[in-house]
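Scroll down for the structure; my scribbles are underneath it.
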Amino acid sequence: MNKLAKMLVLGLVMLMIFSGCSNNSKNSVSNEDNQEVVRFSVTLPASGVDNPNSLVGKEWHKSMEAYMGKKVEIKYNYIPASEYDEKVKLMIASADLTDFFITPLFYDVSQMAGQGQLLELAQYKDLMPNYMNYISKVKNGMKRVTNSDGEMYAFKETSTPRFPEDRGMLIQNTAAYRYDVFKENNIKIPDTLDEFYEAAKKVKELYPDKYPVATKFNSLRSLFSANHIRDEIFWDGEKYVYGVLEKGYKDALQFANKLYSEKLLDPEYTIDTDDTVKRKALNGDNFMWLTQWFTTPAEYTRTADDGKIFAVSLYPDNPDYGKAWQEVVNANTPDLGWGAYAINSKAKNPEELIKFIDYQYSDEMIRLITWGIEGTTYTIGEDGLPTFVDSLKNAKDPWLEGDKYGMRASRNHNPGLQMVSDSRAFVDFAATDYTVFNGKYEEVPIEKSEFLTSLPLHDNDYIPSWLSEPSIQLTGNESQRISEIMNPVKTFVTEEQAKFVAGKNSFDTWQAFIDKVQKMGAIDEALKIYNDAAQRATAN
């Protein structure tokens, strides 16, 4: 082979080697660049802690990557809890939604579904075995998660049992009192609204520059419950009615007006946030709460750590209506919680998201999210069930100690997608509450209160009528029509309610107010839709 030929061959070999190396290098880069990754964005309420980077949050992310067999990249959009509902409603109105989000509380998604904003989930049933298995254990489960056309537009929060099937009553909203002040001044913890009023006057005498009474959630719900109504459409035990049109609604507002006019009710009750309610409680600005979240007063007690005792009790009765209905939730059988979670119809990877979300309802993930990490935060007892380690249960403030790890059962954390939890963990982990039931003061976790745990589930006068409402299914058109009717009515009623309480509206104009409510929207039509749906449900 001559010199020129050798040079050509050598050049060709070098070119082949170079090309091969280049191709291999290019493929490696391509594989690196195109490595399969599950990417999506989520909108969640902020809890004031760093859930993704807590110990449990990191373990959840690691476990999800192992399950999906891919890297997982989540873009979190956290919104303060007090602002969440309004801001998400603005996102909905502007169609500026993340791939996955928690809907506003008690939000009717039918209009969003009709506008094509939400992914219809029932078509993916085969991809969500864990969720469907859980729904099968819930009474009327499928009816409660689908509309009358069998369509499903939201996942539901889970609620596993805390108590036996036949006894035990879980209340998640209560009245609350500065027990130390009441005890020191020989003021009785009220059993009735009249006693509540008299107690407020006595506290006012002690602290004339303070407003004795406040409420959480800007809510007068305890007064409505005392009068056996809600300020919305609700099941009264026989049919759906609109509570605003019932006598009990006016009676409740007149009582609130009496508190307001005598400077017993904090005039800022309509705008107070959770933070301002807490600040005023700790500062000694308020002493009685018409409504509180059932574990919050004990948190106040531990935070103050100076002799202040914030105790919970049942909503006071209005004897004209009987025992006050309490804010009871089903803690006796598998059930669904309040939260609803939806997928944006524009999400680019719906099947991946479905698979990802469905795994949240698996036993493995429910245990991880709620209990944390075996050997670190919990162990398995002789009964085969998890129980928290002694260093957590015996801590002065178990929730505060639990926050170091970030599992759901601790005070502030809600790792993962905030969808699931094992309610037994809350009982096992429960910190001390300060309770007054039947006139007896106890320092005991409310879930372990002898009074509450011994109550029969049936033949119980505290149980509200709506806890046994039929599992109705509304068509898309029915839901949309109800929204059209009731949304403007709700806005109007909320505004006028505050005016009646503050004395800006005279109760002499009550009938004019009721007439305007009825003229604003076709209330009878809305009620007919609900009651027709109830007849369909009971017929089936």
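A few remarks follow.
- Cross-link partners of Lys58 among lysines (Cα-Cα below 26 Å; sequence separation of 8 or more within a chain): Lys70, Lys71, Lys75, Lys156, Lys348, Lys355, Lys393, Lys404
- A crude spin-label estimate for the pair Asn218 and Lys348, with each label 7 Å from Cα along the Cβ direction, gives 3.8 nm.
- For segment 331-402 versus segment 436-451, the gap between their alpha-carbon centres in whole angstrom: 27 Å
- Annotation for Lys490 and Asp166: the two label points, set 7 Å from Cα along the Cα-Cβ direction, are 4.0 nm apart.
- Helices of the chain meeting both criteria, an alpha-carbon length of 27 angstrom or more along the long axis and an average Kyte-Doolittle score not below -0.5, with helices taken as full DSSP H segments, are 3-33, 476-502.
- Label assignment, Cα Rg over 2.2 N^0.38 Å derived from the structure, set [x] 1.16; [y] 1.25; [z] 1.12: [x]
- Gap separating the Cα centres of segment 88-146 and segment 486-539, nearest whole Å: 27 Å
- Global geometry of segment 195-284, whether rounded, prolate or oblate, following the gyration tensor of its Cα atoms and the 1.5 cut on a/c: prolate
- Neighbourhood net charge (14 Å Cβ-Cβ; Lys/Arg +1, Asp/Glu -1) for Thr333: +3
- Most positive-pole-ward Cα, Thr494, Ile523, Trp510, against dipole of segment 485-540 from beta carbon charges: Thr494
- ³J(HN,Hα), Karplus 6.51/-1.76/1.60, whole Hz, each residue of segment 382-394, x for Gly, Pro: 5, 7, x, 10, x, 8, 5, 5, 4, 4, 8, 5, 9
- Separation of the Lys278 and Glu86 label points, Cα + 7 Å toward Cβ, nm: 2.0 nm
- Positive minus negative residues near Asn505 (Lys, Arg vs Asp, Glu; Cβ under 11 Å): -1
- The charge dipole of segment 485-540, taken about its Cα centre with unit charges on the Cβ of Lys, Arg, Asp and Glu (plus for the first two, minus for the last two), comes to roughly 100 debye.
- Each of His458, Leu119, Pro386 was scored by the projection of its Cα onto the charge dipole of the chain, and the greatest displacement toward the positive side belongs to Leu119; charges sit on the C-beta of Lys, Arg, Asp and Glu.
- Ellipsoid semi-axes in whole angstrom, largest first, where each is sqrt(5λ) of the Cα gyration tensor of segment 485-540: 30, 11, 10
- Electrostatic tally near Leu314: other residues with Cβ closer than 15 Å to its Cβ, Lys and Arg +1, Asp and Glu -1, net -4.
- Whether segment 347-422 is rounded, prolate or oblate, judged on the alpha carbon gyration tensor where a/c under 1.5 counts as rounded: oblate
- Here Lys89 is the anchor, and the aspartates and glutamates within straight C-alpha reach of less than 17 Å, apart from those fewer than 8 places off in the same chain, are Asp99, Asp108, Glu484.
- Burial ordering of His228, His413, His61, His458, fewest other beta-carbon atoms within 10 Å first: His458, His61, His228, His413
- Beta bridges from DSSP with both residues in the chain: antiparallel share about 60 percent, rounded to the nearest 5.
- Spatial separation of Cα centroids for segment 252-330 and segment 167-204, in angstrom: 9 Å
- Per-residue packing, averaged as other Cβ atoms within 10 Å, sorts the ranges 373-382, 152-161 into the order 152-161, 373-382, beginning with the highest.
- Here the chain is treated with +1 on each Lys and Arg Cβ and -1 on each Asp and Glu Cβ, and its dipole about the Cα centre works out to around 1420 debye.
A short reminder: the numbers here are calculations on the coordinates, not readings from a lab. None of these values were measured; they are calculated from a predicted model. All Cβ positions, glycine included, derive from the backbone under ideal geometry; neighbour counts span all protein chains shown.
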